[in-house]
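Everything on this sheet refers to the single structure shown next.
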Amino acid sequence: MAISSFPPATGGGGGSVAPEYTYMGSGDSFAEQPKDAGVYTIKVYATNGNQTPAGSITFIDSSNQTVGVAELKDTDTGNAKNYSEAIFRLTESVRGFIGTLNTPSWVSVEFNNEYLAANTLVVETYTSSQSITTTATAIYVLLGGGGGGGNSTYAPVSGGGGGSGYFAAGQIEAGTYDLVVGAGGAANSDGSASTFNAQTAAGGSKGELGTGSKAGGAGGSGGAGGSDYGNDGDQIGGFLGSNGNSYYGAGGVGSGVAPAGYSNPAISGSGQGGGIYGGGGGGSYEKGARGGGGAVAGSGYSGLTGGAGGSGGLFTLTGL
């Protein structure tokens, strides 16, 4: 398996050492590349510029036992069509890694910092606009506001569920940064975008009116809303989220994005919010629909009126 400096080397890899890029085909490929314990950034570039790499990197020790698995993330929800990455803490030395990829790619595993067991991973959550100050390197996940649920205007159908907010992810150094948190959408309204560190996470799409032929709102990063009474079929889920069900009351189940090391219980129900979050569910018989989740959960319907989407927010992780 070849080693190359493509894409162009731009530092990293442990101080001034240029990173090594290993070519890996689709499916499972092994790279004999010993690494000491430490914090690493895994960068994956698809050879096809129209493909977004997806999959995982599995680190193995000298006995071929799994030390850990890093799940790749598309850091800007598809805008960089051929790039994904992960940040991973290796707690012991490894012999190399197995790439399980959906498309042929160039992979680098670049050293960031020493692993220190005493460094506690800390996740902080911000759900209002403010200045954020960090005294250490942090990685973050930014969420837009969830879309509002659709009203019901035609018996016996329900409105469509609001979609979850989209996400953006990245890394910041010590400093102060401005955060603008997008509000959740009111009934029949899209969620608002959140911005941080020159990145934007769009709001989730609104649920459609329940008029007898309208489906739920399109999903953001967490899953599509449910459709109305079954007319018009399913709605397609967003990034890592499932489709909305084509019956009232059922929204897409979210499996959105969580910061590396985020250990809180997963929240993956219809309309939920948080580091892992779901799309809003359609309302029940002759009802409005639930709003989609952002950093907090969307609200439920009130009679024929759809619920509001949850607000967006920011999750930061320090201790790497």
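Each reported figure results from applying straightforward, stated rules to the coordinates on display, with no laboratory input. Computed from a predicted model, the values in this text were never measured in an experiment. Every residue, glycine as well, gets a Cβ built from its backbone with ideal geometry; the counts of neighbours run over all protein chains shown.
The distance linking the stretch 18-61 with the stretch 174-197 is 33 Å (Cα centroid to Cα centroid, whole angstrom). Phi-derived couplings, Karplus 6.51 cos²θ - 1.76 cosθ + 1.60 at θ = phi - 60°, listed residue by residue for the stretch 299-313: 8, x, 6, 10, x, 8, 9, x, x, 7, x, x, 5, x, x Hz, with x used for Gly and Pro.
Placing a label point 7 Å from the Cα of Ala37 along the Cα-to-Cβ direction, the residues of the stretch 47-67 with a backbone N closer than 19 Å are 59-67.
Phi angles of the stretch 170-176 translate, via the Karplus equation with coefficients 6.51, -1.76, 1.60 and θ = phi - 60°, into HN-Hα couplings of x, 9, 10, 8, 4, x, 10 Hz per residue; Gly and Pro are given as x.
Computed 3J(HN,Hα) for the stretch 108-114, one whole-Hz value per residue from the Karplus formula 6.51 cos²θ - 1.76 cosθ + 1.60 where θ = phi - 60°, is 10, 10, 10, 5, 10, 6, 5, glycine and proline marked x.
How much length is gained on full extension from Val180 to Ser62, taking 0.36 nm per residue of separation minus their Cα-Cα distance? Don't skip to the answer; put the middle values down first.
Values: separation 118, 0.36 × 118 = 42.48 nm, distance 4.69 nm.
Additional length available on full extension: 37.8 nm.
For Lys81 and Asn113 in the same chain, what is the full-extension length gain: residue separation times 0.36 nm, less their Cα-Cα distance, in nm?
Numbers: separation 32, 0.36 × 32 = 11.52 nm, distance 2.81 nm.
Between Lys81 and Asn113, full extension yields an extra 8.7 nm.
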